[in-house]
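The values are calculated or read from the model by the stated rules, or taken from the named source; none is laboratory data. Computed from a predicted model, the values in this text were never measured in an experiment. Reconstructed Cβ throughout: ideal geometry from the backbone, glycine too, with neighbour counts over all protein chains shown.
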Amino acid sequence: MKKYLKNILAATMILSMTTALAACGGSEATDDKEDANADGAENTGKQTLILATSADFPPYEFYEGGEVVGIDAEVAKAIADKLGYELKIEDMIFDSIIPSIVSGKADIGMAGMTVTEDRLESVDFTDSYATGIQSIIVKEDSEITSVDDLLAEGANHKVGVQTTTTGDAYTTDDIEKAGKGTVERYNKGTDAVEALKAGKVDCVVIDNEPAKSFVEANEGLKILDTEYTTENYAIALAKDSELTEPINKALNELIEDGTVKGIVDKYIKAE
Ligand code: ARG
């Protein structure tokens with residue numbers, strides 16, 4: 001009996017040692033993360049990597065059967081698998097992603113998020129894994145035919161954007177502040193598209209891939225041939241996070257071995 005107890009004790013000690021070692025091997029688990037681990041979706045004993053996203057942005061992140069899927073969700077899952085984390089996706093409005101990373105509620109942000117000087121003041125970014133283009137959606141019979149029409153002297157259009165996106169930043173500077181029109185800001189890109197359909201705005205400035213799926217899903221809309229800007233998408237992390245280096249390394253390995261391309265090709269059909 002005593003021997004039996006002893007064996008159990010020894011086994012428990014080894015177990016707790018391995019757990020402690022595993023904890024050391026992992027990243028700097030924040031307090032919030034430990035909370036998340038406590039009520040983690042699956043009890044795998046793995047540490048949780050919390051992804052903040054805004055699942056209103058096909059094909060990067062969107063809902064399919066109650067689940068967040070898309071390029072970002074799959075790349076994040078591949079990174080988490082590589083580093084031995086359980087991935088937990090937190091869906092929120094785009095505007096909340098950076099604050100949730102800064103406050104430590106989320107570990108990474110992936111949301112077709114463009115690297116910008118402004119954002120680099122509050123977060124770090126990995127290397128880029130995709131590019132985006134700011135496109136312009138109009139009604140099929142719109143008199144707006146190019147970016148130049150929006151930026152012309154004397155222009156006065158109402159532009160719809162998703163709040164705090166780069167589309168918002170550019171049009172606020174180039175159009176609103178330049179006195180060439182007004183910018184209407186919506187929590188979701190789809191809300192901006194609804195406003196366009198309802199005639200509340202004259203165009204929507206948004207990234208090209210979601211623009212394509214919104215136009216496909218709605219009659220009477222088209223994307224203008226001209227491009228507003230080209231930009232780089234990357235993963236956002238807290239400033240000086242210990243996760244930046246391992247995540248960037250994992251991301252680059254997944255780019256080099258073709259995993260990222262395979263995921264992109266699954267969601268974006270070549271034209
Ligand atoms: N690329 C743009 C930006 O970074 C738009 C991203 C919007 N993403 C989303 N999931 N709604 O500002």
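Comparison of Gly199, Gly154, Gly132, Gly179 shows that the only residue that is under 24 Å from Ile71 (Cβ atoms) and small (Gly, Ala, Ser) is Gly132. Counting only strands (runs of 3 or more DSSP E) that sit wholly inside segment 62-128, those with at least 2 residues that are loosely packed, with under 15 Cβ neighbours inside 10 Å are 62-64. Contact map, segment 231-251: residues that are within 15 Å of Ile98 (Cβ to Cβ) and modelled with pLDDT of 95 or more paired with residues that are of a type in the set (A, V, I, L, M) and surrounded by fewer than 16 Cβ atoms within 10 Å (Cβ to Cβ), Cβ distance under 7 Å, separation 6+ or inter-chain. Pairs shown: Ala238/Val102. What do you reckon, is Ala155 within 25 Å of Ser213 (Cβ to Cβ) and outside any strand (DSSP E or B)? Answer is no for this residue. All of Val260, Val264, Val215 fail the test of being out of contact with any Leu (no Cβ under 8 Å at 6 or more places or on another chain), crowded, with 17+ Cβ neighbours inside 10 Å, on the phi < 0 side of the Ramachandran plot and aliphatic (A, V, I, L, M), apart from Val264. Under the condition of being outside any strand (DSSP E or B), surrounded by 17 or more Cβ atoms within 10 Å (Cβ to Cβ) and of a type outside the set (A, V, I, L, M, F, W, C), which residue from segment 173-190 is nearest to the ligand (Cβ to nearest atom)? Of everything passing the filter in segment 173-190, Gly189 is nearest to the ligand (Cβ to nearest atom). Cβ separations smaller than 7 Å between residues 6+ apart or across chains give no pair from segment 161-181 residues that are modelled with pLDDT under 95 to residues that are more than 16 Å from the ligand (Cβ to nearest atom) and not in a helix (DSSP H, G or I). Condition first: touching a residue at least 12 places away in the same chain (Cβ under 8 Å) and not aliphatic (A, V, I, L, M). Now tell me which residues in segment 63-88 satisfy that. Listed by number, the residues that qualify are Gly70, Asp72, Glu74, Lys82, Gly84, Tyr85, Glu86, Lys88. Test Asp56 against the stated conditions and say whether it is more than 24 Å from Glu242 (Cβ to Cβ), modelled with pLDDT of 95 or more and not hydroxyl-bearing (Ser, Thr, Tyr). It is true that Asp56 is more than 24 Å from Glu242 (Cβ to Cβ), modelled with pLDDT of 95 or more and not hydroxyl-bearing (Ser, Thr, Tyr).
For segment 150-169, taking the residues that are surrounded by fewer than 19 Cβ atoms within 10 Å (Cβ to Cβ) and within 22 Å of Leu221 (Cα to Cα), the one that is nearest to the ligand (Cβ to nearest atom) is identified as Thr163.
The residue list Lys269, Lys249, Lys222 contains one member that is within 22 Å of Ala55 (Cα to Cα) and charged (D, E, K, R), which is Lys269. Residue check: Leu221 meets all listed conditions (1) modelled with pLDDT of 95 or more; (2) away from the ligand (no atom under 16 Å from the Cβ); (3) surrounded by fewer than 19 Cβ atoms within 10 Å (Cβ to Cβ) but one, namely (3).
Can we say Ala211 is within 16 Å of the ligand (Cβ to nearest atom), small (Gly, Ala, Ser) and touching a Ser or Thr at 6+ places or on another chain (Cβ under 6 Å)? Yes; evaluated as a whole, the condition is true for this residue.
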